[in-house]
Amino acid sequence: MSKDLLFEIGAEEIPANYMPATLKQVRDISEAMLKNNRIAYEDIKTYGTPRRIVLFIKGIAEQQADLEELVKGPSVKAAYDENGNPSKALLGFLKGQKAELGDVFIKELSGVEYVYYKKQERGKPVKEVLKTLLPDILTSISFPKSMKWGNKSFRFARPVRWLVPILGDELIEFDKDGIQCSRYTKGHRVLSQGNIEIKNASEYFDKLRAGFVIADQEERRSLIRRQCEELAREIGGEVLMDEDLLEEIVYLVEYPTALIGGFEAEYLRLPKEVVITPMKEHQRYFPVVDKSGKLMNHFITVRNGDSRFLETVKEGNEKVLKARLADADFFYREDRKESLDNYVEKLKNAVFQETLGTIYDKTQRIAATAEYLAVVSGLSEDGKKNLLRAAYLCKADLVTNMVKEFDELQGIMGKEYALLQGEDKEVAEAIFEHYLPRFAGDCTPETLIGSILSISDKMDTICGCFAIGIQPTGSQDPYALRRQAIGVTAIILDNSVFLGLSDLIETSLKPFALKGILKGDERSIKRDIIEFFRQRFKNVMIDRGFEYDIIDAVINAGFDDIYDSYLKIRELSKWKNRDEFLNILGSFNRVSNLASKAKSPEINESLFTEKAELELLHAFGKVNAEFEDCVNNREYEKALKLMITLKKPIDDFFDSIMVMVEDEGIRNNRLGLLKSIENMMIKIADLSVVVVNKIS
Amino acid sequence: MTFQEIILALQKYWADQHCIIAQPYDVEKGAGTMSPYTFLKALGPEPWRIAYVEPSRRPADARYGENPNRLYQHHQFQVILKPSPDNVQDLYLGSLKALGIDPVRHDIRFVEDNWEAPTLGAWGLGWEVWLDGMEITQYTYFQQVGSIDCQLESAELTYGLERIAMYIQEINNVFDIEWVSGIKYGDVFRTAEFEHSKYSFEEADTGLLFTLFDQYEREAKRLLDKGIILPAYDYVLKCSHTFNILDARKAISVTERTGFIGRVRNLARLVAQGYLKQREEMGYPLLNKVVFGGEENE
């Protein structure tokens, strides 16, 4: 026999962006709990609205499965004394298992006899077990930020106000810090009056619907989507759907009704982002575009309620948007009364970070790094002029009225105002691009100047923060350094450029060193930054589908040039599953193992006398120089092919030569040869960490 | 509804919910939270229910009386419910009804917004309440005040009175708000707005203000050393306001700024500690006051 279980946690409005992760957590926690407690079920689903988190388990068993488990006790030797009486160890075991002496039996394990006990536990009624499991679910959920209220012993995203746990048609009764369980849930905050009684779990969704709550988020999502599309179609347009915004709205409303509003067409003169930003970011409205993709003077908002008094809601929202657009329009006109150069002056009063100075200081440092990168990348003189101009102007928009009000518009306004004051298009574009990528999956700059500027800005932030000891720890990363390092990595990879990280770091770190604000010595700071990049690079490579061991093999052997490391990883990944490559791993591992004992890679040819060692010496001598050329030219495929030719001489060497002989001279010489071979290999990768998946 | 009717309606409503109706506290401050009726009373185990209007001065927001939405001084209606009752959201919605705003006719949403005041060492979780897309109230459950964990959490409701009035009266310029029939907000405040703007941005004697800041800070510390808490807190408020004027006047450099904020926060923390100690020594006299929902001992 099975029943359905409903567990509704009623709360004050939980932040919309917490919900997707919370629902997944509740699912995972419940799944693990049911498994650990031997409770069978058919299906687990979780649902959420702003005011409720719902766990719904279909076909949950009424009885826990019985437990039968063999528990191993002490060895027979330890369990009984010479007279056959139980020892302290055995008595302790019995006590721990709540067992009698007669309950245990003896069984052999790997040649040793042990005392065993067959633990058996009758399954309890699930209804009883749930009385402790459900409160645990409640207190196991973790949120990005949680709070205390009303002397409760646990924290939650917002105050929990009611709990409805129903198994079939039975109420599961427990009390969590004074929050009483009951059959009574609440409907929509204003459309539903009083409490709603849930007689059995299966009627929950219909009862809520009658109370103006659509509990299933997917139903709300498709409802909102359809409503928005219809409204847009009615005015001959299309809704500019944004899945992130849609998801947020799904968890802001329990009973969605979309409505369309308008604003004065004159605001369409403003740059498109200036109109869209207050709509989307501030008001959670969807913009509407016409058939040609041009913004229309309409917006769609989703009300949490029914279609009554829609006109009032519409007018209110129109008024709010109008005020916002009027502000934006005012800022747009005001901002243009001054040149960007004037705003740059104002950056001298805008703090970047207390110790690191003003944003103006930052732009100067960005320019210095950019100049270095211009040389490295062979930028033309004209290009360099534009680059430095863009570096000078790139942060100017931060002190404009528009960006102060709508910070999402940073870079976008900078570009807009630059174009309006007649700056070179390349300069304007670089101002916008230097913020790219802004989030995971965002595009990287398309222009070289934008790329250089973006790297320079991000390196300045990373090096500056490391310089004064505010690097990320755990979940703390206030300057988003991880995101910035990933951004730098992505730009380098997208542009396929070779760039020495330590030189770049040294360049970006220099101004802080000159200013004498380094917290710690420069070399260890540099090392920390490289290590920081190494970790980010590893993550980027994993995200791109490369295997851990190949990544480690390459970056353990050396890490300074991101693109170069990437090429090695790419090449090595191609080889990984070829037999010829797998076959050499064992040989090279033997080389590495012994090479670690070598004092130096020095070789005295005259000390080699055996045939196999001479052959290995010659084989190595033949490929070494060419191998090095290949590595210098980054022809890794060719280099690996050369390396493989050493397999036979290496194997022969180990077959017939004893390396660790008494004679120190001979021993060191043989070790020296192996060390030289290892030194060669390591120029590509440390093959000893490559994992062989294939069982041969 | 006139501006003054809005205030009266809120006072009546919250008085009916067993709040003390207090008058504004007479030291300059940037927000209703800074009143000792909130800042200090939020600390410790004693219950507290209060509602009051708080004129709030923000020199940097001054606009010479020319901006339709921004003011040197605006008015907050502040409610503190400690401990926060289980039905606090319903109570809040009830207050909107008292203002003639029927939730059924509008779209009311609680949108996540977490409040933080670094100078007070205070933070909490909550929402901004939206009425048809407009933010009308800040709603916070205090978690920490004066860098001290709240022992008994309060719910704080802060209504933006001018915004609500503009909504109810359907006007777009704050100075057009009808205070009472025939008298507009501008009639009462426009000159003050202009003069305080002029003072904050142009006339404030920065040398004098820096000296005053130091003296206020010294006086606060001296009083704290003697265990005289409430007058000490007045001087903390004065420090804060003095800092705000200097900041608006752009007299505080980028590097000095954090230092000044830290000095005020430090004083706020000392006051909070002193206040808690004082209440403990007094045996927490408000613990069982029946008016706040407790049980009278006698």
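The values are calculated or read from the model by the stated rules, or taken from the named source; none is laboratory data. None of the values given here were measured: they were computed from a predicted structure. Don't worry about glycine lacking a Cβ; one is built from the backbone with ideal geometry, like all the others, and counts go over all protein chains shown.
If you go through segment A:394-405 one residue at a time, do you hit one that is in a helix (DSSP H, G or I), among the acidic types (Asp, Glu), surrounded by 22 or more Cβ atoms within 10 Å (Cβ to Cβ) and outside the structural domain of A:Ile260 (by TED's automatic domain parsing)? Looking through segment A:394-405, at least one residue is in a helix (DSSP H, G or I), among the acidic types (Asp, Glu), surrounded by 22 or more Cβ atoms within 10 Å (Cβ to Cβ) and outside the structural domain of A:Ile260 (by TED's automatic domain parsing).
Looking only at segment A:310-349, residues that are facing chain B (nearest Cβ under 9 Å), surrounded by 16 or more Cβ atoms within 10 Å (Cβ to Cβ) and either without any contact (Cβ under 8 Å) to a residue 40 or more places away in the chain or outside any helix (DSSP H, G or I) (or both) come to 5 in all. Among the residues of segment B:1-16, the ones that are part of a loop (DSSP other than H, G, I, E, B) and either surrounded by fewer than 16 Cβ atoms within 10 Å (Cβ to Cβ) or not polar (S, T, N, Q) (or both) come to 1 in all.
Restricted to segment A:193-309, the set of helices (runs of 4 or more DSSP H) holding at least 1 residues that are more than 25 Å from A:Lys415 (Cα to Cα) and of a type in the set (Gly, Ala, Ser) comprises A:204-210, A:217-234.
Report yes if some residue within segment B:149-156 is more than 14 Å from chain A (Cβ to nearest Cβ), surrounded by 14 or more Cβ atoms within 10 Å (Cβ to Cβ) and either under 30 Å from B:Ile7 (Cβ atoms) or within 23 Å of the chain's Cα centre (by Cα) (or both); otherwise report no. Looking through segment B:149-156, none of the residues is more than 14 Å from chain A (Cβ to nearest Cβ), surrounded by 14 or more Cβ atoms within 10 Å (Cβ to Cβ) and either under 30 Å from B:Ile7 (Cβ atoms) or within 23 Å of the chain's Cα centre (by Cα) (or both). So, in segment B:49-71, of the ones that are closer than 16 Å to B:Asp247 by Cα and touching a Ser or Thr at 6+ places or on another chain (Cβ under 6 Å), which residue ends up modelled with the highest pLDDT? Applying the filter and picking the extreme gives B:Pro59. No other residue among A:Ser600, A:Ser573 is surrounded by fewer than 19 Cβ atoms within 10 Å (Cβ to Cβ) and under 22 Å from A:Lys647 (Cβ atoms) apart from A:Ser573. Could you say whether any residue in segment A:220-241 is under 19 Å from A:Glu12 (Cα atoms), assigned by TED's automatic domain parsing to the domain that holds A:Ser307 and surrounded by 16 or more Cβ atoms within 10 Å (Cβ to Cβ)? No; the residues of segment A:220-241 include none that is under 19 Å from A:Glu12 (Cα atoms), assigned by TED's automatic domain parsing to the domain that holds A:Ser307 and surrounded by 16 or more Cβ atoms within 10 Å (Cβ to Cβ). If the condition is being of a type in the set (A, V, I, L, M, F, W, C) and loosely packed, with under 15 Cβ neighbours inside 10 Å, then segment A:31-77 contributes A:Ala32, A:Ala65, A:Leu67, A:Leu70, A:Val71. Taking the conditions exactly as written (within 30 Å of A:Arg269 (Cβ to Cβ), aliphatic (A, V, I, L, M), touching a helix residue (DSSP H, G or I) at 6+ places or on another chain (Cβ under 7 Å) and outside the structural domain of A:Lys384 (by TED's automatic domain parsing)), does A:Leu347 satisfy them or not? So A:Leu347 does not fit the description; no. Within segment A:356-366, restricting attention to residues that are away from chain B (no Cβ under 14 Å) and buried (at least 19 other Cβ atoms within 10 Å of the Cβ), the residue that is nearest to A:Tyr343 (Cα to Cα) is A:Thr363.
One residue alone among B:Arg109, B:Arg63, B:Arg70 is crowded, with 19+ Cβ neighbours inside 10 Å, within 14 Å of chain A (Cβ to nearest Cβ) and of a type in the set (D, E, K, R), and that residue is B:Arg109. Quickly run through segment A:153-191 and pick out the residues that are within 11 Å of another protein chain (Cβ to nearest Cβ) and either part of a loop (DSSP other than H, G, I, E, B) or in contact with a His (Cβ under 9 Å, 6 or more places away or on another chain) (or both). Passing the criteria: A:Arg155, A:Ala157, A:Arg158, A:Pro159, A:Gly178, A:His188, A:Arg189, A:Val190, A:Leu191. For segment B:112-130, residues that are within 7 Å of another protein chain (Cβ to nearest Cβ) and buried (at least 23 other Cβ atoms within 10 Å of the Cβ) total 2. Residue-level check: of (1) at pLDDT below 95; (2) surrounded by fewer than 20 Cβ atoms within 10 Å (Cβ to Cβ), A:Gln421 misses just (1).
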